[in-house]
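Step one of this worksheet: look at the structure below.
Every number here is computed from the coordinates shown, using simple stated rules; none is lab data. Here the structure is a predicted model, which means the values were calculated and not measured. Positions of Cβ are generated from backbone atoms using ideal geometry, with glycine treated the same way; all protein chains shown enter the neighbour counts.
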Amino acid sequence: MAKTLVEKIWDAHVVQSKEGFPDILYIDTHLIHEVTSPQAFDGLRKRGLPVLRPDQTVATADHNVPTLNQHLPIKEELSRYQVDMLTKNCKEFGVELYGLGHPYQGIVHVIGPELGITQPGKTMVCGDSHTSTHGAFGAIAFGIGTSQVEQVFATQCLLLQKPKTMKIEVNGTLAKGVGAKDIILYIISKISAAGGTGYFVEYAGSAIRELSMEGRMTICNMSIEMGARGGLIAPDDTTFDYVKGREFAPKGEDWDKSLAYWKTLYSDKDAIFDAVLEFDAADIQPMITYGTNPGMGIGINENIPSVSSQPESERPSFKKSLEYMGFEHDSSVLGHPVDYVFIGSCTNSRIEDLREVASFVEGKKKAENVEVWIVPGSKQVEAQAKAEGIDKIFEEAGFQLREPGCSACLGMNEDKIPAGKYCISTSNRNFEGRQGPNARTMLASPLTAAAAAVSGKIMDIRELI
Amino acid sequence: MKKFEKLVSKVVPLPIENIDTDQIIPARFLKATTRDGFGDNLFRDWRFDAENQPKADFVMNNPTYSGKVLVAGKNFGCGSSREHAAWALQDYGFDVVISSFFADIFKGNALNNGVLPIQVTDEVLEKIFALVFADPNTELTVDLEAEKLTLNATGESFDFEINPYKKSCLINGYDDIDYILSHKEVIEQFEQNR
Ligand code: SF4
């Protein structure tokens with residue numbers, strides 16, 4: 001029977017399927033971090049259980065860590081406590097930890113791929129909704145809650161209903177200055193922040209195939225922002241080339257065997273998806289969000305929609321959102337001043353993102369009214385940026401290149417946007433207060449963020465390149 | 001987990017759509033390492049101002065409304081996977097959340113913590129809001145066994161759906177780990193056959 005990619009991987013991991021019960025699904029790799037794991041470790045202790053497969057579990061500290069002076073003890077007491085707790089738990093349960101000071105430390109969804117832990121055909125989970133990022137390699141990867149973290153610790157399995165599948169095709173060629181981030185913001189703006197709920201999304205089409213692994217990760221990363229359980233892309237030579245030679249990638253004979261299997265990982269021609277959507281890459285402009293959920297996005301030179309264009313029932317939320325952002329309906333955001341630019345997060349903090357920004361800002365200076373934080377996704381990205389001289393370019397531009405972590409993506413550490421200030425952010429969520437109480441977040445691509453950094457206002461990047 | 005029993009309760013109305021988990025429990029409160037006490041910070045930034053004073057216009061600060069049932073606008077629980085959102089609701093004292101749509105991860109997290117998410121149609125949701133705004137003492141009956149939600153004021157009943165497995169977990173107060181652990185041998189066999 002013809003199968004979709006999701007079905008192929010799913011079926012290969014079903015331990016037990018029984019009528020009336022959820023499937024027991026085997027999990028190949030479990031990534032953990034300091035915020036959603038302590039209660040799960042605690043649960044294990046209460047039940048007197050070990051971590052069943054510590055060698056399939058990898059930990060890092062990312063959500064809470066400071067992005068300045070990481071060599072010093074963490075100042076904020078609760079953050080330090082949580083990070084210390086992770087260290088203690090990993091030691092007690094025999095889990096490998098890439099903590100602060102380790103050359104592999106970084107945002108969990110950045111380090112998995114760059115270490116070759118993320119591979120096609122795997123099932124991967126983490127107590128973090130952006131685990132969907134790893135789907136870029138043709139893996140079933142998704143976020144779980146802490147009770148499920150405990151489940152995976154104890155059993156290396158999860159109890160799950162098989163998800164519905166959706167295919168999103170993007171065909172055609174992207175315009176100059178338009179990238180992966182714009183594609184995904186565009187899709188979410190079209191189908192809404194709930195448009196993918198209940199589905200596992202497979203991205204396909206020529207515009208997706210053309211993307212680098214980094215671009216594919218950006219797309220899959222934000223699947224959750226349309227409510228989808230996860231997103232994935234069938235692996236191809238771009239994927240295999242990226243994985244090959246990385247620290248934990250299969251080597252020698254194992255590589256050949258894996259590769260042969262990976263090449264079978266695609267949706268069969270006659271496979272049936274529960275939903276199919278198609279978009280034309282030529283319709284996509286540089287995108288920006290104006291509201292407080294990621295579905296509230298527009299092409300940069302379009303107007304914010306008018307209240308009357310919204311369904312009646314959604315108008316109060318729509319108005320509340322614009323009020324929070326300090327924007328008028330039916331108006332343009334172009335030229336609006338910006339106070340902060342944040343280039344980072346698991347959506348856009350990989351070396352390719354930094355290179356793209358650097359090549360645009362080289363020889364330019366930041367505008368006086370903005371503060372610019374560049375937070376690399378991992379120690380390895382940071383080292384690579386330094387090796388390539390990207391740090392110098394940022395320094396001359398007046399940008400701050402910080403140390404790796406989640407940082408202002410969710411403001412759990414000191415990196416918060418002050419109340420009322422506008423931040424163009426390459427992260428994935430513009431919820432009220434996400435970057436700090438009353439902070440105003442506008443999501444955009446690294447290039448659009450860079451344009452704001454040098455001009456101090458919202459600009460169409462296409463006018464600058 | 002405590003057993004879920006038939007419940008008759010007043011309701012707390014929150015007619016806002018797309019309530020995300022950052023609103024339910026802001027990220028800065030995720031630093032605790034136990035599951036307790038999150039109820040104090042449920043809807044923190046809507047409930048309290050910058051000086052930690054209760055905001056009078058927020059429904060949970062209005063003594064007119066109380067109960068174990070939260071009724072919220074469409075797409076409740078979107079955003080991050082933080083289970084803390086479910087813990088906060090449960091710790092505060094909500095056993096049931098009613099909405100016309102729930103985000104996936106939230107729904108799973110809620111069920112895993114004994115909070116029952118009940119999905120109703122937009123019309124039923126409107127009806128409940130209208131009833132409670134007309135009379136804050138209006139009550140609902142949630143009968144999980146029969147999968148029925150009743151508006152006591154009008155006597156109307158609506159069926160809701162829940163996965164049969166999850167239903168038996170809630171009613172019996174057991175969780176997924178207990179279930180999977182009873183399959184340890186099958187798991188080991190699976191690993192050996194790969
Ligand atoms: S960077 Fe942001 S979205 Fe990504 S894992 Fe960290 S907090 Fe979550």
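Restricting attention to the alpha-carbon atoms of region A:108-251, what are Rg (one decimal) and Dmax (integer), both in Å?
Computed over the Cα atoms of region A:108-251, radius of gyration and Dmax are 14.9, 49 Å.
Principal axis lengths of region A:296-367 from Cα atoms, whole Å, largest first?
Result for region A:296-367: principal-axis Cα extents of 47, 26, 19 Å.
Taking +1 at the Cβ of each Lys and Arg and -1 at the Cβ of each Asp and Glu, which of A:ALA154, A:LEU86, A:ASN69 sits farthest along the dipole of region A:56-178 towards its positive end, judged by Cα position relative to the Cα centre?
The one lying farthest along the dipole's positive direction is A:ALA154.
Students often check this: by mean Cβ neighbours within 10 Å, which of A:418-428, A:62-72 ranks highest, and how do the rest follow?
So the order, starting with the most tightly packed, is A:418-428, A:62-72.
Between the DSSP loop rule and a limit of at most 13 other Cβ atoms within 10 Å, which GluC sites (Glu not before Pro) in region A:1-95 are left?
Passing both the DSSP loop test and the Cβ count: A:GLU19.
Give, as a single signed number, the net charge of other residues whose beta carbon lies under 14 Å from the beta carbon of B:ALA130, with Lys and Arg counted +1 and Asp and Glu -1.
-4
Wrap a convex hull around the Cα atoms of region A:65-189, take a quarter of its surface area, and give that in square nanometres.
Mean shadow area of the hull around the Cα atoms is 11.2 nm².
Top mean-square fluctuation among B:ARG35, B:ARG82, B:ARG47, Gaussian network model of chain B, C-alpha springs under 10 Å?
B:ARG35
Using θ = phi - 60° and the Karplus relation 6.51 cos²θ - 1.76 cosθ + 1.60, list the HN-Hα couplings for region A:200-212 in order, rounded to whole Hz, with x at every Gly or Pro.
Rounded to whole hertz, the list is 9, 9, 9, 8, 8, x, 5, 5, 6, 4, 5, 6, 6.
Given that compact globular proteins tend to follow 2.2 N^0.38 Å, what is the ratio of the alpha-carbon Rg of region A:159-203 to that value? Don't skip to the end; give the middle numbers.
Working: Rg = 13.0 Å, N = 45, 2.2 N^0.38 = 9.3 Å.
Normalised by 2.2 N^0.38 Å, the Cα Rg of region A:159-203 equals 1.39.
Considering only A:VAL14, A:PHE399, A:ALA358, whose Cα is most displaced toward the positive end of the charge dipole of chain A, charges sitting on Cβ of Lys, Arg (+1) and Asp, Glu (-1)?
Ranked along the dipole, the leading option is A:VAL14.
Consider all pairwise Cα distances in region A:99-143 and report the whole-number % of them above 14 Å.
Beyond 14 Å sits 43 percent of the P(r) for region A:99-143.
Nearest 20 debye, what's the magnitude of the dipole of region A:1-65 about its Cα centre given +1 on Lys and Arg Cβ and -1 on Asp and Glu Cβ? The partial results should precede the final answer.
Working: 7 positive and 9 negative charges, 47 e Å.
I would put it at about 220 debye.
Below 21 Å, Cα to Cα, which lysines can A:LYS320 reach? Residues fewer than 8 away in the same chain don't count.
Partners found: A:LYS190, A:LYS421, B:LYS55, B:LYS74.
Given C-alpha coordinates of region B:61-141, what is the ratio Rg to Rh with the Kirkwood estimate of Rh?
For region B:61-141, the value is 0.96.
Select from A:ASN438, A:ASN348, A:CYS423 the residue farthest towards the positive end of the dipole of chain A; place +1 on Cβ of Lys and Arg, -1 on Cβ of Asp and Glu, and compute about the Cα centre.
Going by the Cα projections, it comes out as A:ASN438.
Would you please state the base-10 log of I(q)/I(0) at q = 0.19 1/Å for region A:148-225, with intensities from the Debye formula using one equal scatterer on every alpha carbon?
Debye intensities relative to I(0), on a log10 scale: -0.85.
Just the Kirkwood number for region B:12-86, please: inverse of mean 1/r across all distinct Cα pairs, in Å, one decimal. Don't skip to the end; give the middle numbers.
Values: mean 1/r = 0.0765 Å⁻¹.
Computed over region B:12-86, the radius equals 13.1 Å.
Roughly how many debye, to the nearest 20, is the charge dipole of chain B about its Cα centre, given +1 on each Lys and Arg Cβ, -1 on each Asp and Glu Cβ, and no other charges? The partial results should precede the final answer.
Values: 20 positive and 31 negative charges, 68 e Å.
Roughly 320 debye for chain B.
State the volume of the convex hull built on the alpha-carbon positions of region A:12-123, expressed per residue in Å³ and rounded to an integer.
Residue-normalised Cα hull volume stands at 127 Å³.
How many percent of the alpha carbon pairs in region A:374-465 exceed a separation of 23 Å?
Of all Cα-Cα pairs in region A:374-465, 26 percent lie more than 23 Å apart.
I'd like the per residue volume of the convex hull spanned by the Cα atoms of region B:82-194, given in cubic angstrom. Could the numbers behind the result be given before it?
Working: hull volume 15.0 nm³, N = 113.
Taking the convex hull of the Cα positions in region B:82-194, it is 133 Å³ per residue.
Taking amide H positions as placed 1.01 Å from N in the peptide plane, with prolines and chain starts having none, which residues 5 or more places from B:VAL71, or on another chain, fall under 5 Å of its amide H?
Result for B:VAL71 returns B:VAL12, B:LEU14, B:ILE98.
Run through all the Cα pairs of the protein assembly as shown and give the fraction in each 10 Å bin from 0, expressed as whole percent.
The percentages, shortest bin first, are 3, 16, 28, 28, 18, 6, 1, 0.
Where Rh denotes the Kirkwood radius from the mean inverse Cα pair distance, what is Rg over Rh for region B:9-56?
Ratio value, two decimals: 0.99.
Under the Karplus relation 6.51 cos²θ - 1.76 cosθ + 1.60, θ = phi - 60°, what is the ordered set of whole-Hz ³J(HN,Hα) values for region A:342-358, x standing for Gly and Pro?
Each residue's phi maps through the Karplus curve to give 10, 10, x, 6, 5, 7, 8, 9, 8, 4, 4, 5, 5, 4, 4, 5, 4 Hz.
Rounded to whole Å and sorted largest first, what semi-axes of the equivalent ellipsoid does the C-alpha gyration tensor of region A:128-175 yield via the square root of 5 times each eigenvalue?
Working: eigenvalues 173, 31, 15 Å².
Semi-axes, largest first: 29, 12, 9 Å.
Could you derive backbone 3J(HN,Hα) for region B:144-159 from the dihedral phi with the Karplus parameters 6.51, -1.76 and 1.60 (θ = phi - 60°), listing whole Hz in sequence and x where the residue is Gly or Pro?
With coefficients 6.51, -1.76 and 1.60, one gets 5, 3, 8, 6, 10, 10, 10, 8, 4, 5, 10, x, 5, 10, 10, 7 Hz.
So, with +1 on the Cβ of K and R and -1 on the Cβ of D and E, and no other charges, what is the size of the charge dipole of the protein assembly as shown about its Cα centre, to the nearest 20 debye?
720
Note down the net charge around B:THR33, summing +1 for each Lys or Arg and -1 for each Asp or Glu among other residues with Cβ under 11 Å from its Cβ.
Residues close to B:THR33 contribute a combined charge of -1.
What are the chymotrypsin sites (Phe, Trp or Tyr not before Pro) within region A:295-400 that DSSP puts in a loop, where the Cβ has at most 15 other Cβ atoms within 10 Å?
When the chymotrypsin sites (Phe, Trp or Tyr not before Pro) of region A:295-400 are filtered for loop state and at most 15 Cβ neighbours within 10 Å, nothing remains.
If the elastic network links every pair of Cα atoms under 10 Å, which of B:GLY108, B:GLY37, B:GLY67 fluctuates the most in the Gaussian network model of chain B?
Its mean-square fluctuation being the largest, the pick is B:GLY37.
May I ask for the Rg/Rh ratio of region A:208-352, computed from Cα atoms with Rh as the Kirkwood radius, given to two decimals?
1.07
Which net charge results when you count Lys and Arg as +1 and Asp and Glu as -1 among the other residues whose beta-carbon is under 10 Å from that of A:LEU159?
Charge balance near A:LEU159 sits at -2.
Taking the square root of 5 times each eigenvalue of the Cα gyration tensor, what semi-axes in Å does the equivalent ellipsoid of chain B have, largest first? Working shown, then result.
On the way: eigenvalues 180, 102, 38 Å².
The equivalent ellipsoid of chain B has semi-axes of 30, 23, 14 Å.
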